Amino acid sequence: MRAAVLRRHGTAPEFGSHPDPRRGDGRALVRVTAAPVNPLDLLCASGTSYFGAQPVPYVPGAQGVGVVAESASLPAGQRVWFSCSAGMAPGDGSMAQFCAVADEAMLPLPDGVGDDLVAALGLSAIAAWMALSWRGGLKPGEHVLVLGASGTVGQVGVQAARLLGAGRVIAACRDAHGRERAAELGADAVADLTAAAGEDQEAALAERLRAACGGRLDLVLDPLCGVPAQAALLVLSPGGRLVNLGSSAGPQASVPSAVLRSGVLSVLGYTNNALDPGQRAGALAALLAHAAAGRLDVDREVLPLADVSAAWARCGDAPHRRAVLIPP
């Protein structure tokens, strides 16, 4: 089959030939119709993630959309979203014409949402939705700050916060296009996370966030960590919560004990790996219902699988359009 193949850690995959996947017991064979390029795929392919360096060559891609070719649990022809452990465990992923998928990792898809949008939403949208609703315990009327609002998690976070009943949504990111886009997606206020040379970054960002939040901040969606998270913690209202689900701005954040204690603040970690199959299915069903109704969207670009190297190089860069690869 034709596939994107990672031949050496720390490099981009190459488009070429790769052995066809074998289905095996408890697994299905899916003909892939759309595979997104996610930061998780790049992290795994670096060989430096906490999952460890997996044997190469392998086909990256931790999720995708496709049509069942063979399965003991679903009929042939069923359209599905699926996840897999490529890059996190030995084996191949979604960036190919076919993928072998565990039966329990497939979710049948309704009509009304195109393959490219489902693929672009996927795990990133599930993470934003569940970090806000399940881990963060968002209550109707609360004020929510979305850090990293220009990325896919952030774009979904801005919309999801509103759909989950937030009274005010504040978006923060570094690039001007991302801030403009966040306002278009429903943010009530936006803040610039760019720090000038020589200034106290934490203090400067906290001042901007405080002005944008207008005196109240109950919940922070944080895919960044680092200095932006530190600044957000200084702005949280008493009883506020910060949910961290990434570290694109830095591997750690620090906050004075007095700030945590005086504000009775909560710092919570989130990973999709903590979800059970029912939670994941329920989250995706809710997200796709909103997408079908036109209430949820995400910026994306559709490319042929042969362009995987270019899509890989752009992942994480402004203007933060999620690349979705289409196999031949």
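Count of the stretch 55-69 residues, restricted to those that are under 18 Å from residue 315 (Cβ atoms) and outside any strand (DSSP E or B), is 4. Across the stretch 46-57, the number of residues qualifying as more than 18 Å from residue 99 (Cα to Cα) and either surrounded by 18 or more Cβ atoms within 10 Å (Cβ to Cβ) or among the aromatic types (Phe, Trp, Tyr) (or both) comes to 2.
Scanning the stretch 38-53 for residues that are within 18 Å of residue 271 (Cα to Cα), assigned to a loop (DSSP other than H, G, I, E, B) and not hydroxyl-bearing (Ser, Thr, Tyr) yields 38, 51, 52. Somewhere in the stretch 22-32, is a residue touching a helix residue (DSSP H, G or I) at 6+ places or on another chain (Cβ under 7 Å) and at pLDDT 95 or above? Yes, there is a match, as at least one residue in the stretch 22-32 is touching a helix residue (DSSP H, G or I) at 6+ places or on another chain (Cβ under 7 Å) and at pLDDT 95 or above. Given the condition closer than 23 Å to residue 274 by Cβ, surrounded by 22 or more Cβ atoms within 10 Å (Cβ to Cβ) and free of Cβ contacts under 8 Å to residues at least 60 places away in the same chain, answer yes or no: does some residue in the stretch 128-139 qualify? Scanning the stretch 128-139 turns up no residue that is closer than 23 Å to residue 274 by Cβ, surrounded by 22 or more Cβ atoms within 10 Å (Cβ to Cβ) and free of Cβ contacts under 8 Å to residues at least 60 places away in the same chain.
Against the definition (modelled with pLDDT of 95 or more and not aromatic (Phe, Trp, Tyr)), how does residue 278 come out, yes or no? Answer is no for this residue. Of all residues in the stretch 211-249, those being polar (S, T, N, Q), surrounded by 20 or more Cβ atoms within 10 Å (Cβ to Cβ) and either out of contact with any Gly (no Cβ under 8 Å at 6 or more places or on another chain) or part of a loop (DSSP other than H, G, I, E, B) (or both) number 1. Please work out which residue is modelled with the lowest pLDDT, limiting yourself to the stretch 73-117 and to residues that are assigned to a helix (DSSP H, G or I) and touching a helix residue (DSSP H, G or I) at 6+ places or on another chain (Cβ under 7 Å). Restricting to residues being assigned to a helix (DSSP H, G or I) and touching a helix residue (DSSP H, G or I) at 6+ places or on another chain (Cβ under 7 Å), the top hit is 104.
The values are calculated or read from the model by the stated rules, or taken from the named source; none is laboratory data. None of the values given here were measured: they were computed from a predicted structure. No Cβ is skipped: glycine too gets one built from the backbone with ideal geometry, and neighbour counts run over all protein chains shown.
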